[in-house]
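Let me begin by presenting the structure, written as C-alpha cells, before commenting on it.
The values are calculated or read from the model by the stated rules, or taken from the named source; none is laboratory data. These numbers were taken from a predicted model, which means no experiment stands behind them. Please note: Cβ atoms are built from the backbone with ideal geometry, for glycine as well, and neighbour counts cover all protein chains shown. Accessible surface areas use protein heavy atoms only, side chains included; no ligands, DNA or RNA. Shrake-Rupley method; radii C 1.70, N 1.55, O 1.52, S 1.80 Å.
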Amino acid sequence: MNRYRVFVKVVECGSFTKAAEELNYTQSAVSQMVHTLEEELDTVLILRSKNGAALTVDGEEYFPYIRSISHAHQELEEKFREMQGLNSGKIRIGSFTSVSRNWLPGLMKEFKERYPGVQFELFQGEYTNIAQWIKEGRVDFGFVNPEAVEGLQTIPLYQDEMVAVLPRGHALAGKDVVTLAELAKCPYILLDEGESSVPLDAFGRNGLTPDIQYRVYDDYSIVAMVEQGLGISILYKLVVEGQAKSCVTRPVEPAVERTVAVACKNWKTLPIASRHFLDFILESFGILAEER
C-alpha cells in the first residue's frame with residue numbers, strides 16, 4: 001500500500017527527492033516503489049527530468065483513483081488507531097481565514113489539553129477546494145458557506161459579517177456607512193472565494209457590477225493593497241479587525257453576510273477523534289445533539 005502513498009506524494013511535491021525527504025525514505029526506495037506501481041499498471045505514470053517529476057497522460061488518468069486508494073488506506077489506519085481510544089489519531093480540517101485566525105485555535109488548544117495524543121492537520125482554502133477535499137477524503141470535515149457547496153452534510157454555526165475596507169483619506173472613509181452602489185464605482189479588489197463570491201452575489205442582487213481591478217486569494221494581501229491605495233474591498237470583519245493599520249472599515253448597506261457551516265461527507269463515518277472534536281465545536285456554539 002505504501003507505493004500508492006509514495007506515488008501521490010511525488011506528484012504533490014513534483015520531485016522524487018522532496019517526496020523522499022517528507023516521507024523519510026531514500027530516493028532510491030521512492031523510485032523503486034513508483035516503478036513497481038508502473039509495472040503493476042503496465043504503463044509509465046511519471047516523467048522524470050532535471051526539472052522534477054510530471055504526470056504522463058496515463059498518469060493523469062490513474063492519479064485520482066490512486067489518490068482515493070491512498071486516502072482510504074490512511075483513513076483505515078487512523079480508524080484502527082482511533083478505535084483504541086483518543087490517545088492517538090489525526091484530525092484533518094479544511095478551513096478559511098476568518099475561522100482559522102479567530103476561534104478555531106482556542107478550541108484546538110482546549111481539546112489538545114484534554115487529549116494530548118491527538119494531532120491536528122489544518123488545510124487552508126476556500127469554499128470550492130474545501131468541499132472537494134472533504135469529498136476526496138483529504139480532510140475529515142471543513143468549514144464552508146453552505147450555499148456554495150453541494151452533496152455534503154452541513155450544520156450552520158453563525159453569520160460572518162463583511163465590511164468595506166478603505167484607504168485612510170478615501171472619499172468614503174468619512175461616512176458612517178457606505179453603500180454597495182458607492183463601492184461599485186471604486187477600483188475594487190476581489191477576494192477570490194472559489195466558484196462562489198459573497199460580495200459579488202450581493203452586488204448582483206442589487207443590479208450592480210463592481211469595477212474589479214484585482215483578484216486576490218489572500219485576505220491579508222488585500223489589506224496591504226488597500227493600504228497602498230490600489231483600491232477598496234469588502235472583507236470579513238473578523239479578518240480585518242486589528243490588522244488594518246492604514247485602512248478604515250465601514251459597515252455596508254445593504255448588509256453583506258455569509259453563513260459559516262461545518263461540513264462532512266457522513267457524520268456517522270467520521271474518524272472517532274474528528275467526531276469528538278466536531279461535537280466539541282458544536283457544543284461551544286450551543287448546538288445540542290438533537291439539533292444536529
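Couple of notes before you dig in:
- Over the chain, relative contact order from alpha-carbon pairs under 8 Å, at least 6 apart, %: 20
- Mean sequence separation of contacting Cα pairs (under 8 Å, at least six apart), scaled by the length of the range 1-149, corresponds to a relative contact order of 19 percent.
- Put simply, the Cα atoms of the range 62-203 extend 61, 41, 23 Å along their principal axes, the longest span coming first.
- Accessible area of PHE111 (1.4 Å probe, protein heavy atoms only, ligands and nucleic acids ignored): about 0 Å².
- Tail weight of P(r) past 21 Å, computed on alpha-carbon pairs of the range 1-109, percent: 49
- Between GLU39 and GLU253, full extension at 0.36 nm per residue minus the direct alpha carbon distance yields a gain of 70.8 nm.
- Each Lys and Arg Cβ is given +1 and each Asp and Glu Cβ -1; about its Cα centre, the chain then shows a dipole of about 580 debye.
- DSSP-loop GluC sites (Glu not before Pro) across the range 227-285, with at most 16 other Cβ within 10 angstrom: GLU241
- Qualifying GluC sites (Glu not before Pro) for the range 99-159 [loop in DSSP, other Cβ within 10 Å: at most 14]: GLU150
- Cα Rg over Rh - the range 89-137, Kirkwood: 1.01
- The range 159-236: equivalent-ellipsoid semi-axes (sqrt of 5 x gyration tensor eigenvalues, Cα, Å): 17, 16, 12
- Counting DSSP beta bridges with both ends in the chain, the antiparallel % (nearest 5): 60
- Charged side chains reduced to their Cβ positions (Lys and Arg at +1, Asp and Glu at -1) give the range 152-231 a dipole of some 320 debye around its Cα centre.
- Neighbour-limited loop hits for trypsin sites (Lys or Arg not before Pro), the range 1-99 (at most 15 other Cβ within 10 Å; DSSP other than H, G, I, E, B): LYS50
- The alpha carbons of the chain occupy a box of 67, 51, 32 Å along the principal axes, longest dimension given first.
- Rolling a 1.4 Å probe over the protein heavy atoms of the chain, with every protein chain left in place, gives an accessible area that is 48 percent carbon and sulfur.
- Candidates PRO116, ALA148, TRP133 compared by Cα position along the dipole of the range 77-166: farthest toward the positive end lies PRO116, with charges placed on Cβ.
- Put the Cα centre of the range 199-257 next to the Cα centre of the range 103-119 and the gap is 32 Å.
- By the equivalent-ellipsoid construction on the alpha carbon gyration tensor, the range 175-292 comes out with semi-axes of 34, 16, 14 Å, ordered largest to smallest.
- Where a label projected 7 Å from the Cα of GLU195 along Cα→Cβ would reach, residues of the range 107-143 with amide N under 20 Å: 124-143
- Taking the three principal axes of the alpha carbon atoms in the range 1-59, the coordinate ranges are 27, 26, 16 Å, sorted in descending order.
- Across the range 1-84, C-alpha contacts under 8 Å between residues 6 or more apart give a mean separation that, scaled by the residue count, equals a relative contact order of 32 percent.
- Note on GLU136/TYR217: beta-carbon distance plugged into 1/(1 + (r/R0)^6) with R0 of 22 Å gives a FRET efficiency of 0.65.
- Surface exposure of the range 180-292, expressed per residue as accessible area with a 1.4 Å probe, stands at 48 Å².
- Cross-link pairs LYS112/LYS265; LYS9/LYS265; LYS50/LYS79 - those with Cα-Cα distance over 31 Å: LYS50/LYS79
- Candidate lysines for bridging to LYS185, where Cα separation is under 18 Å - those fewer than 8 sequence places away on the same chain excluded: LYS175
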